[in-house]
Each structure stands twice: as structure tokens, then as C-alpha cells.
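The values are calculated or read from the model by the stated rules, or taken from the named source; none is laboratory data. Values in this document were obtained by computation on a predicted structure and should not be read as measured data. Cβ atoms come from the backbone with ideal geometry, glycine included; neighbour counts cover every protein chain shown.
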Amino acid sequence: MSLIQPHILARSEWQCLHIENPPEWGRTIVRVPHPSRPDKARRLGYRAKQGFVIFRVRIRRGGRKRPVAKGCTYGKPKSHGVNQLKPVRNLQAIAEGRLGKRLGGLRVLNSYWVAQDASFKYYEVILVDTFHKAIRRDAKVNWICNAVHKHRELRGKTSANRKSRGLGKGHRYTQTIGGSRRAAWLRRSRLGLRRKR
């Protein structure tokens with residue numbers, strides 16, 4: 001497969017989806033009957049059974065403006081920027097967070113990219129109904145029913161959030177050993193002096 005072929009495939013998929021259902025793609029959040037990428041959804045934990053739900057989310061691309069009135073930041077020149085600021089979390093994590101706030105009764109399991117155009121990116125988010133008997137009785141899935149997993153998408157626990165936090169395994173992720181960049185910096189920079197005896 002050539003380097004350009006995946007982009008052609010993605011573009012053709014986007015055009016097909018857009019032609020099939022144009023009104024739905026204009027909405028910010030919409031429930032879809034089945035995943036657009038079944039293979040990807042299954043790799044991320046989706047199963048075609050009761051209790052699993054798929055929602056498509058639209059997120060505007062590009063930077064984020066600083067939310068200040070009339071561009072007045074009231075600070076040092078270092079913090080005067082308003083327009084060309086980049087979001088701290090990636091767009092996929094923002095999409096998960098928005099959907100988690102909208103649908104508080106469901107748990108966010110994972111998400112994946114579907115399509116994009118000049119203005120928006122589209123993600124499909126896998127959600128789980130933790131009060132459904134089919135989920136609570138499934139030993140492979142019912143871990144998400146524990147109260148500790150409430151709003152995991154808002155606390156940086158999903159895969160997209162962990163990616164934006166720089167967490168992972170292997171030599172590429174040594175800058176976040178200990179939980180975060182700050183924790184790693186503190187551990188390496190702390191000066192330990194022995195007590196005088």
C-alpha cells in the first residue's frame with residue numbers, strides 16, 4: 001500500500017458517508033445504529049450486544065481562542081496571546097469529554113477517528129450502559145461498572161487522554177515515568193541531602 005492510498009480510502013469513505021446521510025452529519029452529536037469501522041470498534045472493546053452504544057461527535061478543527069473579553073488578558077506580555085493557542089488535550093479527548101457530559105448515565109469506553117474535512121473532525125465514541133444486565137453479568141466488561149470509573153473521560157483515563165498526557169510504555173515515554181511530566185521532573189530534580197550526624 002502506498003503512502004497516499006490511506007488518504008484516498010479515508011476520503012472516499014467520508015464522501016460515501018456524507019452522501020448517504022447528509023442531514024445527520026450536520027449535527028454535533030448523533031447516535032448511530034452500528035459502528036462505521038467495525039474492525040476498529042471491536043479492537044477497542046465494542047461488542048454487538050445489548051448495553052453497547054455508539055455516538056458520533058463533531059469537533060471543530062484548529063486552535064482555540066483564549067476566553068477573555070475584548071482580548072484583554074490583564075497580565076504580563078508573555079500571556080497576551082489570544083488567537084493562536086493550541087488546545088491542551090487532543091481533539092479526540094475533547095470529543096469524549098463533551099459526550100460524557102451530555103450522557104452522564106453512560107460510561108465512555110473508547111473512541112476512534114471516522115472522518116474529517118476542512119472545518120471538522122468526526123469521532124465515534126463507544127459507550128456502555130453500566131446498569132444493563134448483559135453488561136453486569138459479563139465478566140470481561142463489568143469492570144467498567146465499578147464506581148471508580150465514573151467519568152473516566154474527564155479525568156484523563158481513556159486511551160486518547162493518556163496519549164495527550166504523554167503516558168505509555170517503552171523508551172519513548174520516559175518523560176512521564178511516575179504519572180506525569182511534572183512528577184518525572186520532580187523526581188529527577190529533587191535534591192536529597194543526608195542529615196548531619
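Among the residues of segment 71-94 satisfying the criterion of being in a helix (DSSP H, G or I) and in contact (Cβ under 8 Å) with a residue 24 or more places away in the chain, which is surrounded by the fewest Cβ atoms within 10 Å (Cβ to Cβ)?
L91
Regarding segment 120-130, can at least one residue be identified that is more than 13 Å from the chain's Cα centre (by Cα), more than 17 Å from L44 (Cα to Cα), surrounded by 14 or more Cβ atoms within 10 Å (Cβ to Cβ) and of a type outside the set (S, T, N, Q)?
yes
Take the residues in segment 90-140 that are touching a Ser or Thr at 6+ places or on another chain (Cβ under 8 Å) and of a type in the set (S, T, N, Q), then tell me which one is modelled with the lowest pLDDT.
N90
Okay, residues lined up against (1) among the acidic types (D, E); (2) at pLDDT 85 or above; (3) in a loop (DSSP other than H, G, I, E, B); (4) over 30 Å from K133 (Cα atoms):
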site	(1), (2), (3), (4)
E13	yes, no, no, yes
S36	no, yes, yes, no
Y46	no, yes, yes, no
Q50	no, yes, yes, no
I54	no, yes, no, no
I59	no, yes, no, yes
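Take the conditions among the aliphatic types (A, V, I, L, M), in a helix (DSSP H, G or I), surrounded by 13 or more Cβ atoms within 10 Å (Cβ to Cβ) and without any contact (Cβ under 8 Å) to a residue 40 or more places away in the chain and apply them to I144. Does it pass?
Judged against the criteria, I144 is a match.
Could you list, ordered by first residue, the pairs with Cβ atoms under 6 Å in which the first is in segment 95-109 and in contact (Cβ under 8 Å) with a residue 24 or more places away in the chain and within 15 Å of R58 (Cα to Cα) and the second is of a type in the set (D, E, K, R) and surrounded by 21 or more Cβ atoms within 10 Å (Cβ to Cβ), at least 6 apart or interchain?
E96/E153; G97/E153; G100/E153
Of the residues L191, L186, only one is part of a helix (DSSP H, G or I) and exposed (fewer than 13 other Cβ atoms within 10 Å of the Cβ); which?
The conditions single out L186.
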